[in-house]
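Quick notes on the structure that follows.
The values are calculated or read from the model by the stated rules, or taken from the named source; none is laboratory data. Model, not experiment: these values are computed from the prediction. With ideal geometry, Cβ positions are generated from the backbone for all residues, glycine too; neighbour counts draw on all protein chains shown.
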Amino acid sequence: MIQAIAFYLFAAVVIVSGALTISSRNPVHSVMWLILAFFNAAGLMVLVGAEFIAMLLVIVYVGAVAVLFLFVVMMMDIDFAQLRTDVARYATIGLALGTALAVEVMIAAFAWSEGRIDLARRAAPIDPAMPNIAALGQLLYTRYLFLFEAAGFVLLVAMIGAIVLTHRERAGTRSQHVGRQVARRPQDATRNVKPTVGQGVEL
Amino acid sequence: MDYATNLALTLPEVVLGIGGVLLMMVSAWGGPGSTRAVSWTAVAVLGGAVIALLGPAGGGGEAFDGLYRADAFSTFAKVLIYVATAVSILIAPDFFRRTAGDDLRPEYPVLMLFSALGMGMMVSAVDLLTLYVGLEMQSLAAYVLASFVRRDLRSAEAGLKYFVLGSLASGILLYGVSLVYGFTGTTMFDGIAAAYAADAAEPARSLGLVFGLVFVFAGLAFKIAAVPFHMWTPDVYQGAPTPVTAFFASAPKVAAMALAVRVAVEAMGPVTDQWRQIVIFAALASIILGAVGAIGQSNVKRLLAYSSINNVGFALIGLAAGTAEGVAGVLTYMAIYIAMTLGSFLVVLQMRDVNGIQVESIASLSGMSRTRPALAAAMAMFMFSLAGIPPLFGFYAKFAVFDAAVAAGLFPLAAIGVAASVIGAYYYLRIVKTMYFDEPAPAFHKGDEGALQGGLIAVAAVVISPLGYLAIPFLGAWSMAAARALF
């Protein structure tokens, strides 16, 4: 029973916050709604017993991707003075959102301790004795090894592409040559002179 | 199956992957000065991948527990892909040397190699995951190549447009893939085929399976630029540097078409009647829109983009037949098509004004028969061949797909296709008329491009000339063997 309530709660919030992500006018708000959607999707994953994917959603999507989005959004031209005055106005909504999140986390933990949802038709039954990470690792590095390597190549292509499109050698910049710096000896760099009074030094 | 056997079956990909990584290091340390050496080595690596196909990788069966299959079909497609990629690498240095702005950097051939690696995975995919990873690898490299000339605004626009629309198409495809996986419980093509067959036997169809099929075909239609998912093609083809456009029009087209054929026949073969409607619509819409849209164009690269949409439509007629003859027709069509399209783009590369700057307007071709008679003759042959006018080899390509469609009982489709090809002939002939009967425009700059490009044009012209008919017994037998591997 509690699992069903938790499922509908998470599912409804995912849908609503997904819709708000694309419909809100302020891009910062969009990212915030997106983060809420990620959190609730993680809750859904916990309910079906995929705790590793839930962790990935929180760590990778909320922790890295969404924060990256936020940085990009903040670099756009948005009137921050206006935003700051809005903070006080929307503090209640923000608090309500935070409370909702906290309550959801508690419900998720409670529902999870009650046992996971029984899906009516599971195409691929999972072994309850094996943790998610072990099961994933066993597949990823044996059966799907070829694709794992290929995915590495995809990332390499993306990296090369990003460098090709943005890297530019500018004339006149003084880049650091570590080797030359290390190879330089004190006797090349310093000079001991004894100037006579009133003569000054030659540099 | 042990590890060595798996690697032997995927040898072309292994060769391309290792070659690409090593050349990447050479180019990272060698800098722009190493471009020519890296380009020629990259062509040699592609040659090595073709040679690797002679071994077990040319038809040895499944590798990595059914993720990848090496059969006659994948071998046929891979040979076409690797040859087209090699030509696209060879024609690049000259073009970039004459283009204001960036000189060619050695990452160009490296990205081409990785793209070829992805395309090889696409045509060998017998699992939805392999399909997607291969497709993304090819696409990512292509997005970067499209905006390779960073100082050219149009090139940057082409790259961005391709990237945004390509991601959308990937999303659509992935949505279809997830529906298919969710409703069949497997990502392997044979398992999916079994699930579709079981579903087709029941009185009530599963909506999820139908939706999955539609979304997968929509995503694939974007990748082959079939109407109604063709909108990106003219802009991207016009904006991308010409050697990259030649690449887009050849190798990825073959790969995406082969992928679409394999998904249609191997994974969704039991429900041919369901996807046939989609393919017939896409084929006819592509032929007609490709022909009508090209008429008003004044830029030769845009015109060739519409021509590629038009040609994809003809190739899809062979797929609509859904028979081994039809698939053989598609393969024959693509083989002849890349010779025609690469030849046309090689001629476009020769279009430079007195200062050696690339020009792209059709008007600048005026009277080329008097200023550059050999080049004009070659271009006229490519245009006649693309239009499918009989003595040239392009006619046989169209004949093969129409023959298969008629044999499969799709007589109306073949009839409309033939009628629409007459519309297409109009704009091809207009180029011939511009070259032969209009007042001469200033002659093109006759540069020092050397024998390489002239030789490539000559080879392409010989392939599509009536001499090409001598290859029919060989081409027919090979494409038939490749098609039989799917049935």
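A few remarks follow.
- Selection within the stretch B:49-76 - surrounded by fewer than 16 Cβ atoms within 10 Å (Cβ to Cβ) and part of a helix (DSSP H, G or I): B:Ile51
- Of all positions in the stretch B:264-280, at least one carries a residue that is closer than 23 Å to B:Ser167 by Cα and within 19 Å of the chain's Cα centre (by Cα).
- Evaluated against (1) aromatic (Phe, Trp, Tyr); (2) within 12 Å of chain A (Cβ to nearest Cβ); (3) buried (at least 23 other Cβ atoms within 10 Å of the Cβ), B:Phe189 falls short on exactly one condition, (2).
- Of all the criteria given as (1) modelled with pLDDT under 85; (2) touching a Leu at 6+ places or on another chain (Cβ under 7 Å); (3) buried (at least 17 other Cβ atoms within 10 Å of the Cβ), the one not satisfied by B:Ile457 is (1).
- Note on the stretch B:46-103: residues that are aromatic (Phe, Trp, Tyr) and at positive phi amount to 1.
- Summed over the stretch A:135-148, the residues that are within 11 Å of chain B (Cβ to nearest Cβ) and either in contact with a Ser or Thr (Cβ under 7 Å, 6 or more places away or on another chain) or surrounded by 14 or more Cβ atoms within 10 Å (Cβ to Cβ) (or both) give a count of 6.
- Cβ pairs under 6 Å, 6+ apart, first in the stretch B:31-42 and within 12 Å of B:Ile89 (Cβ to Cβ), second assigned to a helix (DSSP H, G or I) and small (Gly, Ala, Ser): B:Val38/B:Ser27
- Among the residues making up the stretch B:85-131, those that are more than 9 Å from chain A (Cβ to nearest Cβ) and within 30 Å of B:Ala193 (Cβ to Cβ) are B:Ala116, B:Met119, B:Gly120, B:Met122, B:Val123, B:Ser124, B:Ala125, B:Val126, B:Leu128, B:Leu131.
- Among the residues making up the stretch B:61-90, a single one is aromatic (Phe, Trp, Tyr) and more than 12 Å from B:Gly120 (Cα to Cα): B:Phe64.
- Some residue of the stretch A:148-169 being at pLDDT below 85 and over 25 Å from the mean Cα position of the chain (by Cα): yes
- The stretch B:12-32, subset surrounded by fewer than 22 Cβ atoms within 10 Å (Cβ to Cβ) and more than 13 Å from chain A (Cβ to nearest Cβ), residue farthest from A:Leu145 (Cα to Cα): B:Gly30
- One residue alone among B:Thr332, B:Thr341, B:Thr323, B:Thr371 is out of contact with any helix residue (DSSP H, G or I) (no Cβ under 9 Å at 6 or more places or on another chain) and polar (S, T, N, Q), and that residue is B:Thr371.
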